[in-house]
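**Q** Right, I'll just put the structure down here and ask away after.
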Amino acid sequence: MQFIVEHKEGGARTGKIVSSHGTFQTPAFMPVGTQGTVKAMTSKELETLGAEIILSNTYHLYLRPGIEILRSAGGLHRFMNWDHPILTDSGGYQVFSLSDLRKIDEGGVQFRSHLDGSPHYFTPESVIDIQRHIGSDIMMVLDECTPFPCEKEYAVTSNELTISWARKCQQRFHSSECLYDHQQALFGIVQGPVFADVREHSARILTDMDFEGYAIGGLAVGEPAGQMYEMIEICAGILPQDKPRYLMGVGTPENLLEAIERGVDMFDCVLPTRNGRNAQFFTQNGAINITNARYKDDFTPIDDNCECHTCRNYTRAYIRHLFMVKEILGLQLATHHNLYYYQWLMRSARQAINEGRYFNWKQQQFVKLRNSSYIIN
Ligand SMILES: [Zn+2]
């Protein structure tokens, strides 16, 4: 994997990442394909709306369809017919957020499946092995996601465990190979809740370990946005300039723009897809909820400025009707538009950085988005 920084404006930067499954431009937004599918989208549609890399979840794929099926299929790219880059998380986040009866020890984490209660044990080594079976272009280390709020003492202990797991993941990564005919990269994850010194410590140690890229994890879990931005700044100030930085699970359009300004290159979030399925549409002038009665005879597009398939072909009134009668086409059109919007946001941010006008452009977007209130679960 190769990361090339192209332009910089303050902390913000544009670049590209070259992987075995092609190149993607940064800052990049990765649509979330939890179960090996971005809900309601074919791979062709994902290409059409501008996605260059997607994310999938190790925990979910490990439980279903299971690693034997993925191995037989020749990896996730072939299984889901997506011939572009894929990033997988390590499963840590889902173990901590979805499963029951977690028990953490030095060696790993014991948990029960959220599906059938069956017992499982993830170790730093096994999550690398699972991601080798998935064949993702970018794999993540196993980490413990601390809750918010979190006591300082717990944060410190947890962070040491995450660092020791990162070492074990890296060892396993170096002593194993991709099962298919391509290269895989491994990213470290900076944890440390909202404690500046814990984040600093984590970022320094992981930098010394020399990963191919770095994620900033454990944010947007309930802390105020200001604290999140502060933690991003601390991490970006320490992490190496020549490696990509990935902010996990964030966030709203405003979050993304603030993080880009602080040096983040990659994002993933369920907001465009999940909120779309809940009738919320992101537009260049703020979010709207299409089930609102005011749209029942509104025969204009969702967003006049948007060039996506949904906006070029369907009206607000029709899409509202689809949601009111619970037709699945509504979910497809919403997902398509919202993902297109997130790709537009990244494309526009990249262009603004390349032209040295990012800060002003960002301020203009904030004015347009100021009345938005997002559905956050
Ligand atoms: Zn659109």
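**Q** Identify the trypsin sites (Lys or Arg not before Pro) of segment 317-371 meeting these criteria: DSSP loop state and at most 10 other C-beta atoms within 10 Å of the C-beta.
**A** Passing sites in segment 317-371 are Lys326, Arg370.
**Q** Which pairs, out of Lys168/Lys243; Lys39/Lys368; Lys39/Lys152; Lys103/Lys326; Lys44/Lys168, put more than 31 Å between their alpha-carbon atoms?
**A** In this structure, Lys39/Lys152; Lys103/Lys326; Lys44/Lys168 exceed 31 Å between Cα atoms.
**Q** Related question: Leaving out ligands, DNA and RNA, and with a 1.4 Å probe, what % of the accessible surface on segment 222-376 is carbon or sulfur? Each step should come with its number before you reach the end.
**A** On the way: 3050 of 6490 Å².
So the carbon and sulfur contribution to the accessible surface is 47 percent.
**Q** State the extension gain, in nm to one decimal, for the chain segment bounded by Ser348 and Ile4, taking 0.36 nm per residue of separation less the distance between their alpha-carbons.
**A** The span from Ser348 to Ile4 would gain 121.9 nm if fully extended.
**Q** Which Cys residues of the chain have no other Cys beta carbon under 4.7 Å away?
**A** Cys145, Cys150, Cys169, Cys178, Cys235, Cys269, Cys308
**Q** Next question, about the same structure. If all Cα-Cα distances of segment 139-195 are sorted into 5 Å bins from 0 onward, what percent lands in each bin, rounded to whole numbers?
**A** For segment 139-195, the binned pair fractions read 4, 20, 24, 18, 13, 10, 7, 4, 1 percent.
**Q** Cα centroids of segment 314-377 and segment 1-52: how far apart, whole angstrom?
**A** 17 Å
**Q** Now a separate question. How large a share of the accessible area of segment 1-100, in percent, is made up of carbon and sulfur atoms when the probe is 1.4 Å and the other protein chains stay in place?
**A** 46 percent
**Q** Then there's this: Please report, in Å, the Rg and the Dmax of the chain, where both are computed over Cα atoms only.
**A** Every Cα atom of the chain included, Rg and Dmax give 20.2, 62 Å.
**Q** Placing one identical point scatterer on every Cα of segment 69-137 and ignoring solvent, what is log10 I(q)/I(0) from the Debye formula at q = 0.26 Å⁻¹?
**A** -1.10
**Q** Using only DSSP helix segments of four residues or longer, with each worth -39500 (n - 2.57), what per-residue ellipticity at 222 nm results for the chain after dividing by its residue count and rounding to 500?
**A** -12500 deg cm²/dmol
**Q** Continuing with this model, one more query. Sort out the exposed loop GluC sites (Glu not before Pro) in the chain (DSSP loop, at most 15 other Cβ within 10 Å) and tell me the longest stretch that has none.
**A** Between the exposed loop sites, the longest stretch runs 178-306.
**Q** Under the 0.36 nm per residue contour assumption, what length would be gained going from the current alpha-carbon distance of Gln183 and Thr23 to full extension?
**A** Here the answer is 56.3 nm.
**Q** Using a Förster radius of 30 Å, what is the FRET efficiency between Thr48 and Glu355 based on their Cβ-Cβ separation? Nearest 0.05, please.
**A** Computed FRET efficiency for Thr48 and Glu355 comes out at 0.70.
**Q** Could you tell me what percent of the DSSP beta bridges with both partners in the chain are antiparallel, to the nearest 5?
**A** Bridges in the chain that DSSP calls antiparallel: roughly 50 percent.
**Q** Run the simple label-point estimate for Ser175 and Glu160 please: 7 Å along Cα→C-beta, distance reported in nm.
**A** In this crude spin-label approximation the distance works out to 2.4 nm.
**Q** For segment 128-214, give the percent of accessible area contributed by carbon and sulfur heavy atoms, probe 1.4 Å, rounded to a whole number.
**A** 49 percent
**Q** Then there's this: Quote the FRET efficiency, to the nearest 0.05, computed for Arg102 versus Val270 with a Förster distance R0 of 30 Å and r equal to the Cβ-Cβ distance.
**A** FRET efficiency, Arg102 to Val270: 0.85.
**Q** Same structure, new question: Once you place label points 7 Å from the Cα toward the Cβ at Gln227 and Thr291, how far apart are they in nm?
**A** Between Gln227 and Thr291, the simple spin-label model gives 3.2 nm.
**Q** Let's test this: bin the Cα-Cα distances of segment 215-289 at 5 Å from zero up to the farthest pair and state each bin's percent.
**A** 3, 15, 26, 22, 16, 10, 5, 2, 0
**Q** How big is the accessible area of Asp83 in square angstrom, nearest 10, if you roll a 1.4 angstrom probe over the protein chains?
**A** My reading of the accessible area for Asp83 is about 110 Å².
**Q** Just flag the trypsin sites (Lys or Arg not before Pro) in segment 170-215 sitting in loop per DSSP whose Cβ has no more than 15 other Cβ atoms within 10 Å.
**A** Values: sites: Arg172, Arg199, Arg204; in loops: none.
Here no trypsin sites (Lys or Arg not before Pro) fit, given the DSSP loop and packing criteria.
**Q** So, one more: Using per-residue counts of other Cβ atoms within 10 Å, averaged over each peptide, order 189-196, 117-124 from highest down.
**A** 189-196, 117-124
**Q** Sticking with this one: Could you calculate the contour length gain from Ser118 to Arg78, that is, 0.36 nm times the residue separation minus the distance between their Cα atoms, to one decimal place in nm?
**A** Taking 0.36 nm per residue and subtracting the Cα distance, the gain is 11.6 nm.
**Q** Here is a further query. Within segment 210-286, report the chymotrypsin sites (Phe, Trp or Tyr not before Pro) that DSSP leaves as loop and that have at most 14 other Cβ atoms within 10 Å. Don't skip to the answer; put the middle values down first.
**A** Details: sites: Phe211, Tyr214, Tyr229, Tyr246, Phe267, Phe281, Phe282; in loops: Phe211, Phe282.
Sites meeting the loop and neighbour criteria: none at all.
**Q** Which value, in Å², gives the accessible area per residue of the chain when a 1.4 Å probe is used on the protein heavy atoms?
**A** Result: 41 Å² of accessible area for each residue.
**Q** Which sequence of His182, His337 reflects their accessible areas, 1.4 Å probe, from the largest down?
**A** Numbers: His182 30, His337 0 Å².
Output order, biggest surface exposure first: His182, His337.
**Q** Hey, another quick one. Kindly list the residues of segment 1-34 that lie in the label zone of Asp242, defined by a backbone N under 12 Å from the point 7 Å along the Cα-to-C-beta vector.
**A** Residues passing the 12 Å test: 3-5.
**Q** Out of residues 5 or more away from Glu212 or on other chains, whose amide H comes under 5 Å of its own, with H placed 1.01 Å from N in the peptide plane?
**A** The answer is Leu186, Gly188.
**Q** In addition: Report the net charge of residues surrounding Val270, where surrounding means a beta-carbon distance below 11 angstrom and charges are Lys +1, Arg +1, Asp -1, Glu -1.
**A** Values: positive: Lys39, Arg274, Arg277; negative: Asp268.
Taking every other residue near Val270 into account, the sum is +2.
**Q** Among Thr23, Thr335, Thr58, whose mean-square fluctuation peaks in a Gaussian network model of the chain (Cα, cutoff 10 Å)?
**A** Largest GNM mean-square fluctuation: Thr23.
**Q** Please report the antiparallel percentage of the DSSP beta bridges confined to segment 175-297, to the nearest 5.
**A** Restricted to segment 175-297, the bridges split so that about 20 percent are antiparallel.
The values are calculated or read from the model by the stated rules, or taken from the named source; none is laboratory data. In this text, all values refer to a predicted model and were calculated from it rather than measured experimentally. Heads up, the Cβs are rebuilt from the backbone with ideal geometry, glycines too, and the neighbour counts pull from every protein chain shown. Keep in mind that these areas ignore ligands, DNA and RNA; they rest on the heavy atoms of the full protein, side chains included. Shrake-Rupley method; radii C 1.70, N 1.55, O 1.52, S 1.80 Å.
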